[in-house]
Structure formats: structure tokens, C-alpha cells
Amino acid sequence: MMRILTAAVCGALFGIGLYLSGMTDTRKVQGFLDVTGTWDPTLMFVMGGALLPMAIAWRLTQGRTPRYGGSFPAPLQHRPDRNLATGAILFGMGWGLAGLCPGPAMASLSYGGSGGVIFLVAMIAGMLIAVPARRRLDTAGGLT
Amino acid sequence: MTDWIAGAAGGLLIGCAAALYLLGNGKIMGASGILGGLADGTARHDRVERIAFISALVTVPAIIRALDPTPAATGLTGNIFLIVAAGLLVGLGTRLGNGCTSGHGVCGISRLSIRGIVATVTFIAAGMVTVAVLRFLGGL
């Protein structure tokens, strides 16, 4: 029960944070990526603000276990690979095209109009395509 | 100037959410992972937690919107083809690359994960190139 409550509180805080920081406004996100136009540095401040509590949180994980059960995620040992690079490039392209990433797409669902809903549906479709795509990439192998 | 302050304050809240998720539930707060695991069925025993997270993420901004007298503006393009292409790319890319701005950008970089840093630098660079091309083609 506490795990479910914690998850809900985190979702709520995440939503308030995204709203307050202006990150559900696609123009601010595209403005950050728009280095050849009028660059908007807001996203950098959001990132900086978010990294601070998280850096402390990672320190606090040492020698402890999560408050409500389970275990802390172990750092992934493997190096950045082809899937990571391919995925990040495709994601960056989509992010630039519309100025939306998964968090803000969900946070702005209620006020993003039909375009926001269509984006979310397309995004979930893309997530489902990723399952066979990953299998293909893995079996195509060799070039990791 | 106030945009920066609001950005940093909002960022702090996002970081606190991620910190609470980690210290309380032992999980990485990645938006694409939480939603993606539900969508493709890889999430099993923690489905309810994920649904609780997403429900709050959608409804709390809706409540704020209802109380905020300023008009809602996400500035999203009206071009439906662009929206669909962007959505497909974001969904495919984040699952293939195992994370998005929150998972790699916030949770990965803060633990100095090489994968998180490489992914974040890569998607920001790809986003910048894409926006530059959009601007060149007059689509921005």
C-alpha cells in the first residue's frame, strides 16, 4: 500500500514540477533545442534543479535498502551499445519534431488538445514497435 | 529571468519526485519505462504502482489547470503528420534506448552513469539537429 501511495505522490510531484517549469510548453523545449534561432536555456535550469536532489538520493542509497521494499537498481555494467545510441537518436529526432517527451506528454494530456492525445497514442504505438525492433537489431548482431 | 527561476524550482520538484521514488520504492523514475512496461506487458507485479504514478501525473496537472486562470498553452504543432511521426519516434526511441529525459537525463546523469550521459548527449544533439532542419524547412 505504501509503495502505491509513494508512486502516486511521485507522479503528482513530477506533474507539478513539469507544469511549473514550463516543460509542458513545447515551444520552451524546442526553444532549448533551437541553437540556430533564439536559444531558450530554461531546460538547462530544470535539469540542474532536478539533478541536485537526485545526486543526494544516490548517495543515500549506499548501505541502505529502499524504505518500502525491494532493492536499489544496480548500475548497469555494460557500456553504451548500438541499441542505446540508435534509440537516443530516434528519440531526439521525435523530441525535436514536436517538443514533447514521455513525461510532459502525460502531464499535459488534459490540456494539450487532440494533438496531445494523438501524440500519446502514437508514442505508445512506437513503444510497442520497439519490442520486435529490438529483437531484429539483436539478431542482426555483430556490430554492437 | 523568471522563466529560469520557475524552471529551477520545477526542476527541484522533479528531482524530489525521482529521489522519493528511488529511496521509497527502489525504482528509477523514468517516464518512458513506467509507461512502456505497462504498454508492452513487461511490467508484472508492479502494475498498480505504475498506474498510480501515471494517474497522478495526468490528473494533478489537470487540477492545476482548472485552478489556473491563464489560458492553457502547450504550443504543440497543428500538423498531424508531424505529431504522429514525432510520437512514433519518441516511443520507439525511448524503449530501444531504455530511457528518456527523466530516466537517462535526471536519474542516469545524477549517478554519473556512462550510459545515461551518452544517451542524454545523443538525444539532445539529435534534437538540436532536427530543430535546425525544421527551422531551415520553415516548419518551426
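A compact table of results
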read-out: Inter-probe distance in nm under a simple model that places probes 7 Å from Cα toward Cβ, at residue A:131 and residue A:52; value: 4.2 nm
read-out: Kyte-Doolittle at least 1.0, axis length at least 27 Å by Cα - qualifying DSSP helices, chain B; value: B:2-25, B:47-67, B:114-136
read-out: Residues residue B:55 and residue B:81, FRET efficiency given R0 of 41 Å [Cβ-Cβ distance, rounded to 0.05]; value: 0.85
read-out: Calculated FRET value between residue B:5 and residue B:137, using beta carbons and R₀ = 45 Å, to 0.05; value: 0.85
read-out: Total formal charge among the other residues, if their Cβ is under 12 angstrom from that of residue B:97, Lys/Arg +1 and Asp/Glu -1; value: +3
read-out: Neighbouring partner chain Cβ atoms per residue of B:42-50, average, 10 Å criterion; value: 2
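Bear in mind these aren't lab numbers, they're just calculated from the coordinates by the rules spelled out. Treat the numbers as computed from the prediction; the structure is a model and nothing was measured. Using ideal geometry, Cβ is built from the backbone for each residue, glycine included, and neighbour counts are taken over all protein chains shown.
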